Structures are given as structure tokens and as C-alpha cells.
Amino acid sequence: MDEAEAEAEAEVERSPSAELKAILEALIFASPEPLTPKAIFKLLDNEPKEDVLAALAALKDDYTRPGGLQLVEVAGGYQIATRPDLHDWVRRLFHERTTQRLTVQGLETLAVIAYRQPITALEITEVRGVNTSGVLNTLLERHLVKIVGRKQVVGRPFLYATTKEFLIRFGLNDLSDLPKVEDMAEALGLEAPILVERMPPEDLLPLEEPEEPGDDDHDAPPDTSSGSVH
């Protein structure tokens, strides 16, 4: 065997198995949620870890080619998704209802929560200058935000934060992938300091969440059992 043949054979040995790469692609495509490396290693526990990593790297390389799909890292896992610039075409296929889209008010509220979480409903209202209870209900129903605890002040109002679904819907791997505050603020017509300024000391904040007239359960989380995830 000459040197060229030896190098070719060594290259074949180093290259990931085409079958393993195909299995990986099928698993990521079929998974309803982003498939995490931990889940991948568990599913392919009979394969050497280095072979799985090599196949994953090769699969990533395949998806750098021009096409309608892309392999993206979102919410700590991998997902095969359509290219963002083709979303309008894909919506035609599903006849997406306008009610599935967030309003400007919903996006503003979601931005405030994303950049200043955890945050109470009253603090969100103080930032935006309008009552946000209805918008919060919508975000909860769509599983974009969740209740993560209570603020340790009188009245113990709920604290809200974003969810894994939020990361998936906006194509983020984690919160560090959020757009620059200035870009987000400009897009929403807000001032950047509104999204990032630190909260004042608790003794300077109002101590209770305001109650809606005639609503004694304003502080209770809404029933989201039939909420849409879209």
C-alpha cells in the first residue's frame, strides 16, 4: 500500500459513518422539541461518543449548503427548521391565523420580561405605562412566559420570566442570544434604559399589586389548560 492509499484509508476511518449521520438527522427532524446533546448520547448509547460528535459536525456542515432547511441550535438543543426568509411561504401552507401573531403590546411586554426577568406585573405596568394583565394572560396561555415565584414584599406578587418555548419560538439557544438592547428597543419604539435599568430598592416600590375593579383574584394565575402554544 503506497502512501496515498494509506492516507485515503485513514481519512475514511476518520470520517463519520453515513448511516450514523442519517440516524442523527432523522432523530433531530422527528423530535417535537430541540434535541439536546444529552438526549442524543442517550439514544445512541451504543455508539462511541466521538463518532456521534463527528457525525453531528458533518451534519452541521451538510446544512451550510443553500437550501430551504437549516440545522439550528435553540434552547440548548438541535432542530431542523425552515429558513427564516422563507417563513412567509410556509405560512401560506398552514394558512396561519392572524390571531396567532403577537400584538405590538404583546411583543413590548415580552421584551420587558425577557430583559428584566424576574419581574412582577406591577413593575411591567410601571415600565410600559399601561395595564398589562390581559397581555400577560395571553403570554401565559401561549407558554412564552411562566410564573417563577413570588416577590418577597407585602402582597407577595407573582414573578414572571420567559420559558423554553420562548427560546424555541424566537430561535434562541439561551438568553445570552437576545438581540442587543438598543436594537430591540429601536424595533419596538422603546427607550433602551427601560429594558435594562435595575429595579429601585424594594422599599421604594409599591408594595402590592393593584386589583382590577370587581376582580378579587387578580393575583391568581389564569387557567391555561386550553391555551394555544402557537
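The values are calculated or read from the model by the stated rules, or taken from the named source; none is laboratory data. All values reported here derive from a predicted model rather than from experimental measurement. Every residue, glycine among them, receives a Cβ derived from its backbone with ideal geometry; neighbour counts consider all protein chains shown.
Residue by residue, here is whether (1) in the same structural domain as T109 (by TED's automatic domain parsing); (2) modelled with pLDDT under 70; (3) surrounded by 15 or more Cβ atoms within 10 Å (Cβ to Cβ); (4) part of a loop (DSSP other than H, G, I, E, B) holds:
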| residue | (1), (2), (3), (4) |
| --- | --- |
| L172 | yes, no, yes, yes |
| A187 | yes, yes, no, no |
| P193 | yes, yes, no, no |
| E211 | no, yes, no, yes |
| G214 | no, yes, no, yes |
| D219 | no, yes, yes, yes |
| H230 | no, yes, no, yes |
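Report the residue count in region 77-89 for those that are surrounded by fewer than 16 Cβ atoms within 10 Å (Cβ to Cβ) and either touching a helix residue (DSSP H, G or I) at 6+ places or on another chain (Cβ under 9 Å) or not assigned by TED's automatic domain parsing to the domain that holds A39 (or both).
Within region 77-89, residues that are surrounded by fewer than 16 Cβ atoms within 10 Å (Cβ to Cβ) and either touching a helix residue (DSSP H, G or I) at 6+ places or on another chain (Cβ under 9 Å) or not assigned by TED's automatic domain parsing to the domain that holds A39 (or both) number 1.
Filter region 76-123 for residues that are at pLDDT below 85, under 30 Å from K151 (Cβ atoms) and of a type in the set (S, T, N, Q) and give the result.
Listed by number, the list holds a single entry, T103.
From the list V153, V112, which one is surrounded by fewer than 18 Cβ atoms within 10 Å (Cβ to Cβ) and either in contact (Cβ under 8 Å) with a residue 24 or more places away in the chain or touching a Pro at 6+ places or on another chain (Cβ under 8 Å) (or both)?
V153
Taking region 129-148 as the search range and keeping residues that are without any contact (Cβ under 8 Å) to a residue 60 or more places away in the chain and surrounded by 17 or more Cβ atoms within 10 Å (Cβ to Cβ), which one is farthest from K164 (Cα to Cα)?
Restricting to residues being without any contact (Cβ under 8 Å) to a residue 60 or more places away in the chain and surrounded by 17 or more Cβ atoms within 10 Å (Cβ to Cβ), the top hit is T132.
Given (1) outside any helix (DSSP H, G or I); (2) surrounded by fewer than 18 Cβ atoms within 10 Å (Cβ to Cβ), where does L159 come up short, assuming only one miss?
L159 satisfies every listed condition except (2).
Residue by residue through region 28-71, note down the ones that are among the small types (G, A, S), free of Cβ contacts under 8 Å to residues at least 40 places away in the same chain and in a loop (DSSP other than H, G, I, E, B).
G67, G68
Given (1) in contact with a Phe, Trp or Tyr (Cβ under 8 Å, 6 or more places away or on another chain); (2) not in a helix (DSSP H, G or I), where does L136 come up short, assuming only one miss?
Checking L136 against (1) in contact with a Phe, Trp or Tyr (Cβ under 8 Å, 6 or more places away or on another chain); (2) not in a helix (DSSP H, G or I), the one that fails is (2).
Any idea which of (1) at pLDDT 90 or above; (2) under 27 Å from V145 (Cβ atoms); (3) assigned to a loop (DSSP other than H, G, I, E, B); (4) not polar (S, T, N, Q) is the one V130 doesn't satisfy?
Only one criterion in (1) at pLDDT 90 or above; (2) under 27 Å from V145 (Cβ atoms); (3) assigned to a loop (DSSP other than H, G, I, E, B); (4) not polar (S, T, N, Q) is unmet by V130, namely (1).
Please work out which residue is farthest from the chain's Cα centre (by Cα), limiting yourself to region 72-83 and to residues that are in a strand (DSSP E or B) and small (G, A, S).
A81
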